[in-house]
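Reading through the structure tokens given below for one structure.
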Amino acid sequence: MSGMAHASAWKGLVGVAAVVVALGLGEMTEAFSISGLTGNVITFDTLIRIGILVPVVVGLNLLLGYAGQISLGQAGFYGLGAYASAITTARAGKIGLPPSVSTSWWWPWIVMVVAAAAVAGLAFLIGRAVLRLEGHYLAMATLGLGIAFFILFRENFGIDPSTVSLTGGSDGISDIPRLRIGSFSVWPAERYYFLVWAIALLSIWAANNLGRSRVGYALRALRSSPLAAQASGVDVPHSKAVTFALAAGFASIAGSLFAHFQIAVSPSSFSFAVSLEFVIMASIGGVASVWGGLTGVVVIFAIDETLKTQLPKIIDGPTGPYQLTVFGFLLAIIMIFAPEGVLHHFRRLRRTSAVPESGASS
Amino acid sequence: MSGRVSLEASGVSKVFGGIRALDNVDVRVDEGEIHGLIGPNGAGKTTFFNIITGFYRSDGGTLTFQGEDISQSTPAELAQRGITRTFQNLQLFEEMTVAEHVMVGYHRHGTAGFVAGLLGTRHARQEHRRAVEMVDATLERFDLLGIADAFATELPLGHQRRVELARAMALQPKILLLDEPASGLNAVEAAELMELIRSIRSGGTTVMLVEHDMPVMMGLADTITVFDFGISIARGTPAEVREMPQVIAAYLGEETDD
């Protein structure tokens, strides 16, 4: 049973990688471009933004789709990664880092990794406490957590800005350096695109591996019956907390990538609305599907960008409110007809037709 | 039957909001036996199961497994040590196939954790391959191969009970606790179940059984402990227990649900 799943997962990964490389090369050589292919609906910039968010949603999918635990505070962990990268580079002097370290090419990479580990560690501790809650209570607790981080970013972690401004308050931090490898700059955008998508595909690959390991089975089991999972030897509280930590670590890395892409961060990128969008992206992809992460990000971006470019053609004046309305309406439809995810819904349909009589064999 | 003690509870009590669900009960299960636990409804049988398997903490008394204290262990720790159970109200995993249920049962034989899982290390992959082979063997033993890829929650009850049993046996437990495995089964299915439980015991697993279906219980159990109102009132072979006046008194005039 596993051999086939393994092979198809690999095929999928190679397929996506091929598309990613083709689009990147097309853009670099100006042979064709995504903007041209989609009539300017999706730009190359959008592709990078999609790639940045893939690890967040893949991580969230492990938490939500596999372990069945909601997090409405994922933007907080995403923000922690972004601010860690921003503060330790653009504000290195303020926190007493010697320029020889903070301006070296390797420093931002180390920060990215260490921040992800620290954020994961923090999330593990929070998770041990918070993940005792279930359903709405867990949703509320993680929502509060996300808002708490948001306030910390905006309020400079409670430090008096006249002594040191770490986060720049609501203005945020600008002048974040681009990433380099030695003297090789990971910029212009075509280069950053390849970095971002390498990490995105790596996150999909890793989550796929996990899903096929004994941990993946344990997580899917504890989602619907923690009792039976425990009776099978699964340490449920620990498994949930580690998954929460993992999702937070993935989000932190994405946050760092975002900071070095945008070269400026401000609290509004890490608000509750962003957390909600992450959950929607993860939900669209569906239950226990690593591909769901990618699908969710792409679908939401596609809807978003289509509305942004098409609505002005039919409506005069500001289209923002209309865009939100249409977006909300589409989401409502998806949630009503495919609550466990669009991708999952289709797989399920295929499956029911493939297994006609389950009880027939005995 | 080695005659060694598998599980021993002495003076175990459990209080729920002032009500003594269990009051100083003594139960001894020997290795290799099928030990039955009977008693009228509300006698404390399921509470006792929940204490042994770590889902409840006892409020006093000692609980040992193979001579070691297990009163503070979590269900997962106990499962890792070879104590597992099935549930009276079936506990199946949604959106998981029969084969995947058995795969979860195999969890305790693996060691690959999150990091090995994420990286897909050789160790994790080999472990997974071994697990798949083992799952197939278990499916075959429980006659589930034909429905291996069906979602367990969509099967008829008789099959679902078999899936629970297969999942529990995938742990290769030292002792298996069955909470009313025959409830809802027809006579043919019950007879099949009895055969399965006997084969589990002859495979070296000690079995502890709560069951309202008296023919099943009397046909299977080597030893029976009788609970009434949270107290253990009798212990003996099925034939002995049936004749004991205190057991007859406990059941007479009581409404049992079979």
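Only a single criterion out of (1) within 14 Å of chain A (Cβ to nearest Cβ); (2) part of a loop (DSSP other than H, G, I, E, B) is not satisfied by residue B:49, namely (2).
One line per residue, one yes/no per condition, for (1) more than 24 Å from residue A:237 (Cα to Cα); (2) touching a residue at least 24 places away in the same chain (Cβ under 8 Å):
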position	(1), (2)
B:50	no, no
B:58	no, yes
B:64	yes, yes
B:78	no, yes
B:83	no, yes
B:92	no, yes
B:124	no, no
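Against the condition touching a Gly at 6+ places or on another chain (Cβ under 6 Å), under 15 Å from residue B:97 (Cα atoms) and basic (Lys, Arg), how does residue B:167 come out, does it pass? So residue B:167 fits the description; yes.
When the criteria are applied in full, residue A:135 fails the requirement of being more than 14 Å from every other protein chain (Cβ to nearest Cβ), surrounded by 13 or more Cβ atoms within 10 Å (Cβ to Cβ) and on the phi > 0 side of the Ramachandran plot. Scanning region A:157-172 for residues that are free of Cβ contacts under 8 Å to residues at least 12 places away in the same chain and of a type in the set (A, V, I, L, M, F, W, C) gives A:157, A:159. Selection of first residues in region A:262-287 that are in a strand (DSSP E or B) and of second residues that are surrounded by fewer than 19 Cβ atoms within 10 Å (Cβ to Cβ) and of a type in the set (S, T, N, Q), restricted to Cβ pairs under 8 Å at least 6 apart or on distinct chains, gives the following pairs, ordered by first then second residue: A:264/A:174. Of everything listed in (1) outside the structural domain of residue B:159 (by TED's automatic domain parsing); (2) buried (at least 19 other Cβ atoms within 10 Å of the Cβ); (3) modelled with pLDDT of 95 or more; (4) closer than 27 Å to residue A:221 by Cβ, the single unmet condition for residue B:45 is (3). On inspection, residue A:146 passes the criterion of being within 20 Å of the chain's Cα centre (by Cα) and under 20 Å from residue A:271 (Cα atoms). For region A:160-175, name all the residues that are in a loop (DSSP other than H, G, I, E, B) and either hydroxyl-bearing (Ser, Thr, Tyr) or touching a Ser or Thr at 6+ places or on another chain (Cβ under 6 Å) (or both). Result: A:162, A:163, A:165, A:167, A:172. What do you reckon, is residue B:78 modelled with pLDDT of 95 or more, under 23 Å from residue B:44 (Cβ atoms) and part of a helix (DSSP H, G or I)? Answer is yes for this residue. Restricting A:361, A:289, A:283 to residues that are farther than 20 Å from residue A:42 by Cα, crowded, with 16+ Cβ neighbours inside 10 Å and at pLDDT below 70 narrows the list to A:289.
Of the residues examined, residue B:184 is one that is surrounded by fewer than 18 Cβ atoms within 10 Å (Cβ to Cβ) and part of a loop (DSSP other than H, G, I, E, B). Residues of region A:70-87 include at least one that is under 13 Å from the mean Cα position of the chain (by Cα), aromatic (Phe, Trp, Tyr) and assigned to a helix (DSSP H, G or I).
For region A:106-125, the criterion of being modelled with pLDDT of 95 or more, surrounded by fewer than 16 Cβ atoms within 10 Å (Cβ to Cβ) and not in a helix (DSSP H, G or I) is met by at least one residue.
On the basis of being away from every other protein chain (no Cβ under 13 Å) and within 30 Å of residue B:92 (Cβ to Cβ), does residue A:282 make the cut?
So residue A:282 fits the description; yes.
For region B:117-167, the set of residues classified as within 9 Å of chain A (Cβ to nearest Cβ), outside any loop (DSSP other than H, G, I, E, B) and over 18 Å from residue A:220 (Cβ atoms) consists of B:119, B:125, B:129, B:136, B:145, B:146, B:147, B:158, B:159, B:162, listed by residue number.
Would you confirm, using the coordinates I've provided, whether residue B:140 is modelled with pLDDT of 95 or more, of a type in the set (D, E, K, R) and surrounded by fewer than 17 Cβ atoms within 10 Å (Cβ to Cβ)?
Details: modelled with pLDDT of 95 or more: yes; of a type in the set (D, E, K, R): yes; surrounded by fewer than 17 Cβ atoms within 10 Å (Cβ to Cβ): yes.
For residue B:140, the condition - modelled with pLDDT of 95 or more, of a type in the set (D, E, K, R) and surrounded by fewer than 17 Cβ atoms within 10 Å (Cβ to Cβ) - is met.
Checking each residue in region A:198-245 for being within 23 Å of residue B:83 (Cα to Cα) and polar (S, T, N, Q) picks out A:224, A:225, A:230, A:232, A:239. Note on region B:84-115: residues that are assigned to a helix (DSSP H, G or I) and at the interface with chain A (Cβ under 7 Å from one of its Cβ atoms) amount to 8.
Residues in region B:97-137 that are of a type in the set (Gly, Ala, Ser) and either surrounded by fewer than 17 Cβ atoms within 10 Å (Cβ to Cβ) or more than 27 Å from the chain's Cα centre (by Cα) (or both): B:113, B:116, B:117, B:120, B:124, B:137.
Remark: pairs (first residue in region A:200-223, more than 8 Å from chain B (Cβ to nearest Cβ); second residue basic (Lys, Arg); Cβ separation under 8 Å; 6+ apart in sequence or on different chains) = A:222/A:240.
Can you name every residue in region A:248-264 that is more than 12 Å from chain B (Cβ to nearest Cβ) and either within 15 Å of residue A:146 (Cα to Cα) or of a type in the set (Val, Ile, Thr) (or both)? The answer is A:248, A:251, A:252, A:253, A:255, A:263.
The values are calculated or read from the model by the stated rules, or taken from the named source; none is laboratory data. Keep in mind that what you see is a predicted model, and the values were worked out from it rather than measured. In this analysis, Cβ positions are derived from the backbone assuming ideal geometry, glycine residues included, and neighbour counts consider all displayed protein chains.
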